[in-house]
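Following: one structure in structure tokens, then a few remarks.
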Amino acid sequence: MSNVRVLKFGGTSVGSPERMRQVARLLSVDGQTKIVVLSALSGTTNSLVSIGESWKNLRATELNQQVETLYDHYLNFINELLSSQRDEGKAVIDKHFDQIKKLTAVSFNRSSNRELLAQGELMSTKLFHLYLKECSMKAMLIPALEVVSMDEDGEPDIELIDHRLNSILKANPDHSLFITQGYICRNHLGEIDNLKRGGSDYTASLLGAAIRAEAVEIWTDIDGMHNNDPRIVPNTYPIEALSFNEAAELAYFGAKILHPNTIWPAQKYNIPVKLLNTMAPKAKGTVVSSASEPGSIKAIAAKDGIIAIKIKSSRMLLAYGFMRKVFEIFEHFKVPIDMITTSEVAVSLTIDDDEHLGSLVEALKEYGEVAVDKNLSIVCIVGDLISEERGLVKNVFNEIGEQPIRMISYGGSRNNISILIPAASKAEVLLALNKGLFKQNEI
Ligand code: ASP
Ligand code: MG
């Protein structure tokens, strides 16, 4: 393990000149090697996505307007952030906006659209680097596009990332502060691509894994992962410690603070992931590591927009090979399945994306009657839940009371109980479970 730390700052942490200055203060050079991963300024990726849509739909006037508005935002930003480096800052944004205009001047294509989306992170890192220079903080920019690569299946090539990143660090022993872009990467064709929305967290953990970092720190503006959804439940609190498995379940099932792919690279090399708050840097936040506390319920999370598909077939379900055929259809359309329950005559499963729903249903009809239910939510209870623990499931169902339940999944791992309910009852279920499972939090 190296003593390098990887620190990722999200869009809001660099979203205003003041916040960017604060990030610089947090990094005050102490000699320890740090790799800083930045998102685009908050709102930028959304704007670039809309610019891409206007471009695709041939709405030229709207497109020009959107580009101008974004440019003005950056112009104000550099005027406020920089003084001695202002001309350099202006040159940076002019260069990237020229590129945006050049890209969108020709007809739309997906590969150039991905290049368009990459401009946000390219600008935020360069502007931050200039600001550090202005503060006489020595730092080096690492182009993520020369380090982070994906293979044909869209999976990161950790060995390659490892090799490239370590060569850069070795070749620059006089530097201890490195800045790089989150989110962006090269695909197997060598084109500019990205790790999907929110992917800067994933970049941080890939880089952390590649250099076997001491820790990966995800800096946002809340004080860690909470034990329930703070938008719905009052008096939630940050969870001090989570195991990798618990954090992966929570990230996937609704806790927006962390991109779900962040956990596996860190888990693979046993690198702790800390969730910290730029607004309260001394707060403990949440530490995700291999340690776990048996028998404890850590958190409740919910994921919306869930679709349940039921395939009923009295004739075929018991025959071996039936499940395989059903799963192959999902595999064919590259649609991941979240929850599954089976009975003698039917299998129900859930997905969270309706892009291929029509084709899936058509293909599944070959194996039985198919029914689709939309507007559902998965509520997920996460912890180190030993199945022998008496009364645990009873507590959960007592709290849910009369609420309708569409599916239940328990025992798949020791870390989660998932319950599928109509989206309309989500708030009530979260509140009821909170009251019953986190007694210390009662109000
Ligand atoms: N800027 C990208 C996004 O908004 C990536 C990230 O911030 O993690 O999705
Ligand atoms: Mg994020």
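Bear in mind these aren't lab numbers, they're just calculated from the coordinates by the rules spelled out. Every value quoted in this text rests on a predicted model; they were computed, and no experiment measured them. Here the Cβ positions follow ideal geometry from the backbone for every residue, glycine too, while neighbour counts run over all protein chains shown.
Across 410, 74, 320, mean-square fluctuation computed from a Gaussian network of the chain (C-alpha pairs under 10 Å connected) peaks at 320. In 10 Å bins starting at zero, report the fraction of Cα pairs in the chain per bin as a rounded %. Taking all Cα pairs of the chain, the binned fractions are 4, 19, 26, 26, 17, 7, 1, 0 percent.
Dipole magnitude for segment 260-319: computed about the Cα centre from +1 point charges on Lys and Arg Cβ and -1 point charges on Asp and Glu Cβ, it is near 160 debye.
Between residue 340 and residue 268, the C-beta separation translates, for a Förster distance of 22 Å, into a calculated FRET efficiency of about 0.30. Residues whose amide H falls under 5 Å from that of residue 376, counting only those 5 or more places apart or on a different chain, are 305, 306, 423, with hydrogens built in the peptide plane.
Counting only DSSP beta bridges whose two residues both lie in the chain, roughly 60 percent are antiparallel. One Cα centroid belongs to segment 177-244, the other to segment 106-153; the line between them spans 17 Å.
Along the axis of the charge dipole computed for segment 337-441 (Cβ charges of +1 for Lys and Arg, -1 for Asp and Glu, origin at the Cα centre), the listed residues 424, 339, 359 are led at the positive end by 424. Less than 9 Å Cβ to Cβ from residue 301, Lys/Arg counted +1 and Asp/Glu -1: what total charge do the surrounding residues give? Once positives and negatives cancel, what remains is -1.
Each Lys and Arg adds +1 at its Cβ and each Asp and Glu adds -1 at its Cβ; summed about the Cα centre, segment 167-247 shows a dipole of about 320 debye.
Between amide H atoms placed 1.01 Å from N, distances below 5 Å from residue 193 occur with 185, 186, 187, all of them 5 or more places distant or on a separate chain. Here's the list of lysines a cross-link from residue 101 could span, going by alpha-carbon distance under 22 Å and ignoring same-chain residues fewer than 8 apart: 56, 90, 126. Cross-link pairs exceeding 21 Å in C-alpha to C-alpha distance, out of 310/365; 303/394; 256/284; 298/394; 256/426, comprise 303/394.
Using amide H atoms built in the peptide plane, which far-off residues or other-chain residues are under 5 Å from residue 140 H to H? Under 5 Å from the amide H of residue 140 lie the amide H atoms of 177, 178, 179, each far enough along the sequence or on another chain. Helices meeting the span-like rule in the chain (full DSSP H runs, Cα extent of at least 27 Å along the helix axis, mean Kyte-Doolittle score of -1.0 or higher): 60-81, 86-105, 110-134. Based on alpha-carbon centroids, what's the gap between segment 275-308 and segment 18-77 in Å, whole number please? Using only Cα atoms to place each centre, the spacing works out to 27 Å.
Simple rule: put +1 on each Lys or Arg Cβ and -1 on each Asp or Glu Cβ in segment 110-260, find the dipole, and look at 234, 213, 119; the Cα lying farthest toward the positive end is 119.
For the chain, what is the charge dipole size about the Cα centre, in debye to the nearest 20, if Lys and Arg each add +1 at the Cβ and Asp and Glu each add -1 at the Cβ? Intermediate results must be reported in sequence, preceding the final value.
Working: 47 positive and 55 negative charges, 96 e Å.
Result for the chain is approximately 460 debye, rounded to the nearest 20.
Shown in residue order for segment 144-149 are the 3J(HN,Hα) couplings computed by the Karplus curve 6.51 cos²θ - 1.76 cosθ + 1.60 at θ = phi - 60°: 4, 5, 9, 10, 8, 10 Hz (x for Gly and Pro).
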